[in-house]
Amino acid sequence: MKNIALVGFMGTGKTTVARALAERLQFKYVDLDDLIEEREAMKIVDIFKQKGEPYFRKTEKDVVCEVSAQDRMVIACGGGVVLDEENIINLKKLGVLVCLTATPAVIMERTKNYPHRPLLNVEDKEAKIAELLEKRRVYYAKADCEVDTSELSVEQVIESILQKIK
Ligand code: S3P
């Protein structure tokens with residue numbers, strides 16, 4: 001197996017699942033948001049605030065290209081990585097693209113106490129989640145397979161991913 005990239009909306013469990021899956025497979029865990037923050041020496045929320053979303057997306061795209069040469073990784077991607085077609089092409093070249101999903105209510109619950117996601121730092125978070133989910137549906141559908149994490153434990157999500165990609 002080459003690499004596994006986890007995509008999907010904020011709060012669907014990408015980071016938690018990627019860490020646990022990497023450990024299970026003895027793969028390296030790579031988090032694109034961490035790489036962006038390292039590269040910019042700035043938190044994502046500050047990148048959005050000071051440099052704007054287009055700058056963040058450009059950096060995200062650069063980082064996707066930079067991880068392209070390695071093997072045996074589980075890559076946790078930011079929720080918006082799929083918006084750029086070239087990112088999808090590059091991630092699929094790396095390996096299999098798995099999309100994690102969750103219901104809007106679960107996403108709300110999992111994200112509500114965390115202020116580090118600039119796109120969800122808005123008054124009506126519920127409406128924002130619904131709007132972005134709708135806008136992004138077609139992009140997430142480009143993944144090779146999908147696992148709904150709403151009612152599953154991390155271990156169950158991992159089993160489901162391994163079943164689907166074998
Ligand atoms: C984003 C998701 C975030 C992060 C940034 C933008 C998005 O990552 O990349 O805040 O556009 O959905 P997580 O999905 O890991 O929260």
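The values are calculated or read from the model by the stated rules, or taken from the named source; none is laboratory data. No experiment lies behind these values; they were computed from the predicted model shown. Virtual Cβ from ideal backbone geometry, glycine too; neighbours counted across all protein chains shown. Just so you know, the surface numbers come from the protein's heavy atoms only, side chains and all, with ligands and any DNA or RNA stripped out. Shrake-Rupley method; radii C 1.70, N 1.55, O 1.52, S 1.80 Å.
Just a few scattered comments:
- The alpha-carbon positions of region 44-99 define a convex hull whose volume is 82 Å³ per residue.
- Surface composition of region 1-158: carbon and sulfur make up 52 percent of the accessible area, probe 1.4 Å.
- Accessible surface, per residue, of the chain when the full set of protein chains is kept, probe 1.4 Å, Å²: 52
- Rounded to whole Å, the principal axis extents of the Cα atoms in region 48-142 read 40, 31, 22, largest first.
- Maximal additional length on extending the LEU83-ASP62 stretch stands at 6.1 nm, based on 0.36 nm per residue less the C-alpha distance.
- The alpha carbons of region 78-127 occupy a box of 38, 19, 17 Å along the principal axes, longest dimension given first.
- Kirkwood hydrodynamic radius over Cα pairs of region 23-65, then Stokes diffusion coefficient at 20 °C and 1.002 mPa s, in µm²/s: 193
- Region 65-104 and region 6-51 have Cα centres spaced 11 Å apart.
- Panel values: region 2-75, Kirkwood radius from alpha carbon pairs, Stokes-Einstein at 4 °C and 1.567 mPa s, translational diffusion coefficient 99 µm²/s.
- Where the Cα pairs of the chain fall when distances are cut into 10 Å bins, in %: 10, 41, 38, 10, 0
- Cβ-placed point charges (K, R +1; D, E -1), dipole of region 1-51 about Cα centre in debye, nearest 20: 180
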